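Notes follow the structure.
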Amino acid sequence: MDIAGLSIALSQIKVQGDIGVAVLGKAMDLSETLGAGMVEMLDAAAMEQSVAPHIGGNIDVSI
């Protein structure tokens, strides 16, 4: 049984796990930022509709 080889393998596994957690953390941060942006856009659209409710309600088409 090679103790040094086992130690290196376990260290590499730990590093890979730490990297995976860091990447998932970054993905969560990005998702949170994008979600906040979407909420902000929806709020802006709701505000526009409440300020001018007659705009965008009807479409006149002539052929």
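The values are calculated or read from the model by the stated rules, or taken from the named source; none is laboratory data. Everything quoted here is computed from the prediction, not taken from an experiment. Backbone-built Cβ (ideal geometry, glycine too); neighbour counts: all protein chains shown.
Is it true that Gly5 is surrounded by 10 or more Cβ atoms within 10 Å (Cβ to Cβ) and on the phi < 0 side of the Ramachandran plot? It is false that Gly5 is surrounded by 10 or more Cβ atoms within 10 Å (Cβ to Cβ) and on the phi < 0 side of the Ramachandran plot.
Would you say Ile13 is at pLDDT 95 or above and more than 26 Å from the chain's Cα centre (by Cα)? Give the steps one after another, and end with the answer.
Working: at pLDDT 95 or above: yes; more than 26 Å from the chain's Cα centre (by Cα): yes.
Answer is yes for this residue.
Figure legend. Inter-residue proximity from segment 23-49: first residues at positive phi, second residues outside any helix (DSSP H, G or I) and loosely packed, with under 10 Cβ neighbours inside 10 Å, beta-carbon distance below 6 Å, spacing 6+ or different chains. No pairs are indicated.
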